[in-house]
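The values are calculated or read from the model by the stated rules, or taken from the named source; none is laboratory data. Quick caveat: nothing in here was measured; it's all calculated off a predicted structure. Counting neighbours? That spans all protein chains shown, and the Cβs are built from the backbone with ideal geometry, glycine included. With ligands, DNA and RNA removed, areas are computed over all heavy atoms of the protein, side chains included. Shrake-Rupley method; radii C 1.70, N 1.55, O 1.52, S 1.80 Å.
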Amino acid sequence: MHADCVFVLNESTRNNLIDHLGVDPSKIFVLGNGVDTSLYRPLVQIDCLRESEILFEKGCRYLFQCGSICPNKGQLRSLKVLAPFMENDKSLCFAYAGGIIDQSYADEIDAFCKSKGIDSQVRYVGELKPGKELASLYGGAIGFLFPSEYEAFGMALLEAMSCGIPVIRNDSARAFRFATEGEGFFSFDSDSEFGNRIKEIDSLNRAERDELTASARAFVENNYSWDVIASKYSMVFDNNLQGA
């Protein structure tokens, strides 16, 4: 209430501060988080193949999802959409990371994979801290899945894009609208469209994938690198805190 500047990640929080706490709108600034683009960066092809072989058999390719294991994040939804493709193509795999906050949901994921006979194509890699290991998991994937029902910001999307991999996001998640189609970013609003997006990403040829990688990476470098975000905060400080 007494701050000269309040920084928030999304418009919803901004509106709540105005409507429910009476914070002066002129003091509230919507600014996103930044990405360490020196850590989250594209892998060369040989490292992509090596990362895939660490998780699965040689010749496999995988889609990746990162987030707490709970219904909101939608890992089971991803698997239900993926299952028909994985049953028909044993080289298509799925890896997911995140802390388990709903054990019954985690058990449901395991039971579903076994019932479909795809458990050997699915890897839960545990809860990982931000760092080289997580960046490598992003970089080795053919795509990043983001079926969350709701997100305050969606940092994982930016990390994935910084690593140059295509992202498929649930359009109803209301995650921070920081990118548009064609920047390595795809959206869906139904399971059938989710499946179509997965097929689209999986069928990309090398040139198309390289183009998406460059586009996604450039978008993050130009808009959400640590330097860019820091300069935006600095500008707010300079314009609003002088003489405060």
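Between residue 230 and residue 87, the distance separating the two model label sites (each 7 Å from Cα on the Cα→Cβ line) works out to 5.2 nm. Ignoring lysines fewer than eight residues from residue 114 along the same chain, the ones with Cα atoms less than 24 angstrom from its Cα are 58, 73, 80, 90, 199. Extension gain, residue 207-residue 5: 0.36 nm per intervening residue step, less the Cα-Cα distance, totals 68.2 nm. To the nearest 10, the accessible area of residue 235 is 120 Å² with a 1.4 Å probe. Per residue, the convex hull spanned by the Cα atoms of the stretch 21-80 amounts to 167 cubic angstrom. Please compute the net charge surrounding residue 34, taking Lys and Arg as +1 and Asp and Glu as -1 over other residues with Cβ under 10 Å from its Cβ. Local charge sum for residue 34: -1. Assuming charge only on the beta carbon of Lys and Arg (+1) and of Asp and Glu (-1), the dipole of the chain about its Cα centre is about 300 debye to the nearest 20. Listed options for Rg and Dmax of the Cα atoms in Å are (i) 18.3, 56; (ii) 19.3, 66; (iii) 17.2, 52. The value calculated from this structure is the one marked (ii).
Please work out the Cα center distance from the stretch 59-128 to the stretch 199-229, rounded to the nearest Å. Taking the Cα centre of each part, the stretch 59-128 and the stretch 199-229 sit 24 Å apart. Charge tally around residue 159: other residues with Cβ under 11 Å, Lys/Arg +1 each, Asp/Glu -1 each, net 0.
Between residue 47 and residue 21, the simple spin-label model (points 7 angstrom out along Cα→Cβ) gives 4.0 nm.
Exposed loop sites are taken as trypsin sites (Lys or Arg not before Pro) in a DSSP loop (any state but H, G, I, E or B) with at most 15 other beta carbon atoms within 10 Å; the longest stretch of the chain without one runs 91-176.
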